[in-house]
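The values are calculated or read from the model by the stated rules, or taken from the named source; none is laboratory data. Note that this is a predicted model, so its numbers are computed, not measured. Every residue, glycine as well, gets a Cβ built from its backbone with ideal geometry; the counts of neighbours run over all protein chains shown.
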Amino acid sequence: MTEATAGATRVDGVGITGVGETALGRHPGMTSMDLYVASAVRAIKDAGLRNADIDGVVTAGSRTDGTLMHSLALAENLGLEPRLAATLALGGAAHCAAIQYAALAVANGAAAHVLVAAGDNILTGLLSADPVARVTATGAGHPEFENPVGLSIPSLYALIARRHMYEFGTTPEQLASVSVAMRRRAHRNPNAHLRDLIDIDEVLNSRMISDPLHLLDCCPLSDGAGAFIVSRRSATDQDSRRPKSVPVLATAQAHGSAHLTLTHDLTTTECVRAAANAFRACGLTPADIDLAFVYDSFTIAAVILLEDLGFCAKGDGGPFVEQLFAEHAGAHALSVNTHGGLMSHGHPGKAGGIFHVIEAVRQLRRDAGDRQVDGASCAIVHGSGGALAAHSVAILGGIDA
Amino acid sequence: MPERQKSPGDSQELPGGDHSTFWQSLAEGRLALQRCADCHRHRYFPSSVCPNCLSSNYEWSDVSPTGKLYSHTTVYRAPTKAFSDEAPYVVGLVDLDAGVRIMVRLASADGSPPEIGSSVHGDFRQVHTERPLPVFVEDSSPDLGAADVEVASGGHDDV
């Protein structure tokens with residue numbers, strides 16, 4: 001390991017060779033495993049592979065499916081015989097961490113084609129039974145030292161938001177601009193859960209969940225699943241009928257305390273370290289990035305993570321997003337969450353960032369239809385788990401690289 | 001029933017996380033934290049080893065239940081039905097003078113939270129369950145009698 005790659009993984013000749021997904025929304029007739037299987041089959045076919053080619057499998061598990069070895073249950077459904085398997089419990093950081101582990105395995109030769117899949121039927125399978133739980137969820141924090149005060153996932157982020165407002169003067173309107181912008185993107189995405197356009201006033205007038213976060217500051221929870229395949233680029237790129245693979249340039253993880261109470265600084269996250277290490281490993285900087293896919297489980301998350309990925313100074317995230325997402329902003333150097341993000345594309349609760357990866361791949365393949373960003377040739381995908389506790393990033397390059 | 005034979009794998013003085021002392025202190029109107037016997041740091045959450053030096057030697061010491069408010073949120077949409085009746089309520093993070101941070105409920109006469117940076121202190125008269133709820137109030141607030149203030153300022157509209 002050289003100095004340049006400390007804290008990050010850089011591999012050559014490894015890429016994302018196939019993607020597949022279901023739409024996000026309500027899928028009342030489908031189990032969690034049905035959704036996983038559907039997305040995986042699409043990804044395998046997209047890569048031009050057969051199930052016999054897939055020898056690695058990584059999943060993010062399920063809240064409704066209690067099977068013991070989830071990744072192997074998916075493999076069983078698909079008729080796989082894996083040499084490498086894992087069910088990753090890193091919350092919303094699982095998808096990019098999975099890219100890292102898959103890239104390491106493929107580069108090393110431990111596996112030829114690693115299937116990564118994530119999704120769930122959280123909306124129809126879990127939350128429909130309890131309306132109060134639809135927006136908030138139990139088990140947000142430490143079961144003994146946090147949850148008993150009545151903590152919910154939104155209130156974890158609300159504590160972060162309130163502190164960011166206190167330290168930097170971030171405003172509710174600036175947070176709301178993230179929600180409005182994500183909905184504009186999802187409006188153009190037939191796979192998205194929430195597509196109706198909204199404006200700042202609607203966000204600010206939506207019911208308060210945990211001050212200062214309104215309902216429309218929070219992502220929805222959705223049924224759906226996505227999958228992608230990591231392979232040697234040379235394994236699939238000769239087939240001219242298939243889209244070219246998207247190279248994985250660098251990946252990195254950096255994690256803080258698992259619980260918010262023990263997180264010393266609520267407004268600066270370990271994403272700073274993960275991003276810096278990944279950029280250094282592949283010799284790029286934020287200025288080289290055309291597309292950023294940040295983990296926008298809540299509006300405040302997008303604001304903080306755009307700071308921590310290095311796209312603006314610490315504390316400037318509020319004005320930065322306001323400017324970036326202004327309706328008539330015109331072409332900007334940076335495109336963010338072109339699919340609508342978790343905020344509007346939706347979130348199955350288990351590694352919803354997998355759709356960030358899929359959209360990044362479509363953009364870099366020049367296959368994003370009327371969402372296509374011209375000249376897209378470099379993307380960073382990020383994911384975070386817990387309340388901005390766990391972080392993983394992946395830097396992806398152009399298909400002609 | 002004959003006593004089970006001791007086997008070599010039976011627990012032999014492994015460090016155990018003693019949480020009960022913490023909860024007992026709250027129930028008695030005090031705030032006790034573990035202090036590492038080797039590096040002398042206070043720690044929270046209660047745990048079996050010191051996260052700084054990994055020592056399992058510690059003692060419990062009462063600390064002043066005083067500190068500064070680091071952040072707060074008023075929860076309107078409660079996470080479960082059990083909490084809905086209490087909503088809206090205020091959750092806060094307090095930086096204790098002892099050097100650790102703790103998540104608490106914040107109580108006040110009108111249900112509004114203190115400003116971030118305010119001095120706050122534990123008001124353990126308001127504990128009301130077997131597992132006491134850590135409740136803090138602003139230093140400058142008038143003396144809150146347990147009868148005057150509900151930890152839950154219920155009666156709000158639907159959640």
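Tabulated results
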| item | result |
| --- | --- |
| From the options A:A302, A:A292, A:A281, A:A333, residue that is part of a strand (DSSP E or B) and of a type outside the set (F, W, Y) | A:A292 |
| Hits in the range B:51-75 (condition: assigned to a loop (DSSP other than H, G, I, E, B) and buried (at least 22 other Cβ atoms within 10 Å of the Cβ)) | B:P65 |
| Helices (runs of 4 or more DSSP H) wholly inside the range A:51-125 that include at least 1 residues being closer than 13 Å to A:A227 by Cβ | A:70-78, A:94-108 |
| Residue that is under 16 Å from A:C271 (Cα atoms) and of a type in the set (G, A, S), where the choices are A:G340, A:G310 | A:G310 |
| Single match in B:A78, B:A109, B:A82 (criterion: under 17 Å from A:P148 (Cβ atoms), more than 7 Å from chain A (Cβ to nearest Cβ), more than 14 Å from the chain's Cα centre (by Cα) and not in a strand (DSSP E or B)) | B:A82 |
| Flag if A:A389 is in contact (Cβ under 8 Å) with a residue 24 or more places away in the chain, within 18 Å of A:T267 (Cβ to Cβ), in contact with a His (Cβ under 9 Å, 6 or more places away or on another chain) and surrounded by fewer than 24 Cβ atoms within 10 Å (Cβ to Cβ) | yes |
| Given (1) basic (K, R); (2) part of a helix (DSSP H, G or I); (3) surrounded by fewer than 23 Cβ atoms within 10 Å (Cβ to Cβ), index of the condition A:R185 fails | (3) |
| Residue tally, condition part of a helix (DSSP H, G or I) and either more than 10 Å from chain B (Cβ to nearest Cβ) or closer than 20 Å to A:V393 by Cα (or both), over the range A:256-273 | 3 |
| Matching option when the condition is closer than 22 Å to A:A276 by Cβ, touching a His at 6+ places or on another chain (Cβ under 6 Å), among the aliphatic types (A, V, I, L, M) and in contact (Cβ under 8 Å) with a residue 24 or more places away in the chain, among A:V381, A:V303, A:V336, A:V321 | A:V381 |
| Restricting the range B:85-106 to residues that are part of a strand (DSSP E or B) and facing chain A (nearest Cβ under 7 Å), the residue that is nearest to A:E146 (Cα to Cα) | B:M103 |
| Count of the range A:228-253 residues which are without any contact (Cβ under 8 Å) to a residue 60 or more places away in the chain and either small (G, A, S) or surrounded by 19 or more Cβ atoms within 10 Å (Cβ to Cβ) (or both) | 1 |
| Every pair of residues 6+ apart whose Cβ atoms lie under 8 Å, when the first sits in the range B:116-127 and is within 21 Å of A:A161 (Cα to Cα) and modelled with pLDDT of 95 or more while the second is of a type in the set (D, E, K, R) and in a helix (DSSP H, G or I) | B:I116/A:R162; B:I116/A:R163 |
| Residue check, A:H164 under 25 Å from A:A390 (Cα atoms), assigned to a loop (DSSP other than H, G, I, E, B) and within 11 Å of chain B (Cβ to nearest Cβ) | no |
| Residue within the range A:278-286 that is surrounded by fewer than 20 Cβ atoms within 10 Å (Cβ to Cβ), over 29 Å from A:D374 (Cα atoms) and at pLDDT 95 or above present | no |
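Conditions tested, residue by residue: (1) modelled with pLDDT of 95 or more; (2) within 14 Å of another protein chain (Cβ to nearest Cβ); (3) over 22 Å from the mean Cα position of the chain (by Cα).
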position	(1), (2), (3)
A:V132	no, yes, yes
A:G139	no, yes, no
A:Y157	yes, yes, no
A:P172	yes, yes, yes
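So that you can scan it fast, the table gives a plain yes or no per residue for (1) farther than 28 Å from A:L249 by Cβ; (2) over 16 Å from the mean Cα position of the chain (by Cα); (3) of a type in the set (S, T, N, Q); (4) buried (at least 24 other Cβ atoms within 10 Å of the Cβ):
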site	(1), (2), (3), (4)
A:N51	yes, yes, yes, no
A:T59	no, no, yes, yes
A:R63	yes, yes, no, no
A:G79	yes, yes, no, no
A:R83	no, yes, no, no
A:G92	no, no, no, yes
A:H95	no, no, no, yes
A:L104	no, yes, no, no
A:A110	no, yes, no, no
